[in-house]
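*Asks:* Below you'll find the structure I mean.
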Amino acid sequence: MPERRNFHNGSPALDLPSFRERSIEFVLDRVIHDFSNAIGGIVTLTEHHLQYDEAQLDPRLSASLQLIHDSAEQCRTLLAVVTGTFDPDMNDRVYMPAGTLADELGRLFQALLPRTIRFAPMPPCAPSAVHVQPADFKARWLAVASLDCQSAKDATGVEFGCTVEDRFCWFWYRSSNLNHVNLSEIKRILLPLAGIAGRISCQITDKGLVAGAALPVELE
């Protein structure tokens with residue numbers, strides 16, 4: 001994790017990560033590294049047998065190898081998005097196209113949402129850029145999805161995307177989940193992202209959960 005600086009009594013001080021942050025960082029680094037190597041090996045071996053030995057393989061074995069290969073590919077995609085999410089460089093505040101942010105978060109949802117939850121991106125929004133910390137942005141919307149998933153008891157559809165309205169870019173999370181969701185907790189999660197309560201929309205409609213947060217459009 002990057003070093004963070006604060007000021008106390010007018011003098012600079014180093015805000016070091018806590019022992020818990022260090023331990024989590026260490027564990028995640030090792031898990032991602034070792035699992036990536038193992039999964040890469042599984043993908044390579046199954047591809048080799050499916051490509052060069054398929055004619056000699058029993059059809060049932062070939063089907064099993066294809067299933068193992070596809071599952072390993074899904075795991076590799078999941079590890080890739082997790083690695084990007086925990087990239088320390090993503091803590092910096094940057095100007096990013098709103099559509100790019102929505103697309104990146106959509107890939108996270110596709111990789112992380114339970115299989116019983118269908119994800120679909122919303123149509124692209126008008127070209128615009130916002131000033132944001134990408135890692136913080138993604139973590140907050142993943143927390144919203146986590147609350148939604150906790151209460152979802154049936155097959156659920158989720159959409160995420162953005163719209164531009166009156167010099168603000170609204171990011172929207174829509175879910176067909178009609179079960180109880182803690183709206184006050186979602187508002188608390190999104191408030192630091194939006195800045196003020198007036199830039200947050202959170203409600204349960206007859207179609208499910210709708211949560212939105214608006215960021216000023218900085219560039220077009």
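*Asks:* Would you be so kind as to identify which of H69, S18, T116 lies farthest towards the positive end of the dipole of the chain, taking Lys and Arg as +1 and Asp and Glu as -1 on Cβ and the Cα centre as origin?
*Replies:* Result: S18, furthest along the dipole toward the positive end.
*Asks:* C169's amide H: which non-local residues (gap 5+, or another chain) put their own amide H closer than 5 Å, with H modeled 1.01 Å from N in plane and none for Pro or chain starts?
*Replies:* L215, V217
*Asks:* Label the chain by shape, choosing from rounded, prolate and oblate, from the square roots a ≥ b ≥ c of the eigenvalues of the Cα gyration tensor; if a/c is under 1.5 it is rounded, and otherwise prolate applies when a/b is larger than b/c, oblate when it is not.
*Replies:* oblate
*Asks:* Which of K207, K138, K153 has the fewest other C-beta atoms within 10 Å, and how do the rest follow up to the most?
*Replies:* Ordered from fewest to most neighbouring Cβ atoms within 10 Å, K207, K138, K153 come out as K153, K207, K138.
*Asks:* Place a +1 charge on the Cβ of each Lys and Arg in the chain and a -1 charge on the Cβ of each Asp and Glu, then give the dipole magnitude about the Cα centre in debye, rounded to the nearest 20.
*Replies:* 760
No lab work stands behind these numbers, since they all come straight from the coordinates. Small disclaimer: the values here were computed from a predicted structure and weren't measured. Because the Cβ atoms are built from the backbone with ideal geometry, glycine has one as well, and the counts that use them run over all protein chains shown.
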